[in-house]
Amino acid sequence: MTSPSPAASPPAEVPLVELRGVGKSYGTIRALHGVDLAVRAGEVACVLGDNGAGKSTLIKIISGLHRHSEGELRIDGERVALTGPREALRRGIAAVYQDLATVTLMPVWRNFFLGSELTRGRGPFQRLDIPRMRRVADGELRAMGIALDNLDQPVGSLSGGQRQSVAIARAVHFGARVLILDEPTAALGVKQSGVVLKYVAAARERGLGVVFITHNPHHAYLVGDHFTVLRLGETELSAAREDVSLEDLTLHMAGGAELAALKHELARVSGVDTGRLPGAPDAAPRKDTDEVLNKDPNAEPNPDPNPDPNADPNEDLDEDPDGEDVTER
């Protein structure tokens, strides 16, 4: 008699969220077509692209706001069709948009539980459990490495990086396994961008799968494990970190093959120096710079390439600098 085999568990390499050939059309307008993306636990999947590349549409499909019109969306290996953002939240997918969904005049702890407030008591005696919300919010923020002196201060008084961090910690607390960040560093300076990137790395260390939407390849390369570049709704590049350099990522982000063609055209224009640009064709040396700098000072002047056969070789000697004829003196 053979013993029953144990129940099969999903393999560890199954992505938390996977898109296979996903596309989205709005009537006759095709916003996305044939996009593949895999989001795994403990990894940051960066999605880059210029304005109109399809990044926002991709976010809305993963977060359940819009349903894809082609391809497959899989969560934990199961093919699904999300009915809305609430179902995505129940499955552990949370999106942090650029507006952060915060109320600037409310305190930090109240924004942390906005829409999901903790209460105590029953019936007409039910009221907000403010001490518990303060305690939980402070603990979750500190777990993400965010230490605020006063949780009663309005969230609008925080810096842009701190507000992004509060939104990230809030999504993690409410059970997010996949965190979608919609250009969190777009309106931030260098220092505050570094703060946000630090918390993105902290979310990855906690085992979350992060979808980092950005148009800045330098920010993406600091924290990313896989890179997908979108262009006009289609995939321009899909590569792991070890297979692409920052220079290649920047080149694809800037236009890829079209940029190389543009450099080739610019190389033919007089006065445009493209020799030092990456991927540029060899440009002809410019006479006003290269020839002058490389000229040998001891070299004799070049003869006239088009001499006049009827010219008198002593013509220049018959006239002095004052314009008088020397032979008549």
Segments 227-239, 123-135, 164-176 sorted - mean Cβ within 10 Å per residue, highest first: 164-176, 227-239, 123-135
Below 14 angstrom from the Cβ of Leu197, what's the summed charge of the other residues (Lys, Arg +1; Asp, Glu -1)? 0
Please list log₁₀ I(q)/I(0) at q = 0.16, 0.30 Å⁻¹ for the range 66-124, using the Debye equation with identical point scatterers on the alpha-carbon positions. -0.74, -1.30
Highest mean first, how do 76-85, 241-250, 212-221 rank when packing is the count of other Cβ atoms within 10 Å averaged over residues? 212-221, 241-250, 76-85
P(r) over all Cα-Cα pairs of the range 156-196, 10 Å bins from 0 to the longest distance, whole percent per bin, short to long, reads 29, 53, 18
Nearest-0.05 FRET efficiency for Arg142 and Arg268 at R0 = 56 Å, using Cβ-Cβ distance, is 0.40
extent check for the range 39-182: Cα max minus min per principal axis, descending, whole Å, gives 49, 37, 26
Rolling a 1.4 Å sphere over the protein heavy atoms, what is the accessible area per residue of the range 32-143, to the nearest Å²? 53
So, counting K/R as plus one and D/E as minus one, what does the shell of residues with Cβ under 15 Å around Asp138 add up to? +2
Enclosed volume per residue, in Å³, of the convex hull spanned by Cα atoms of the range 89-171: 108
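The values are calculated or read from the model by the stated rules, or taken from the named source; none is laboratory data. Owing to the predicted nature of the structure, the values given are computational and were not obtained by experimental measurement. Note that each Cβ is placed from the backbone with ideal geometry, even for glycine, and that neighbours are counted across all protein chains shown. When the accessible area is computed, the model is the full protein with side chains, heavy atoms only, and any ligands, DNA or RNA have been set aside. Shrake-Rupley method; radii C 1.70, N 1.55, O 1.52, S 1.80 Å.
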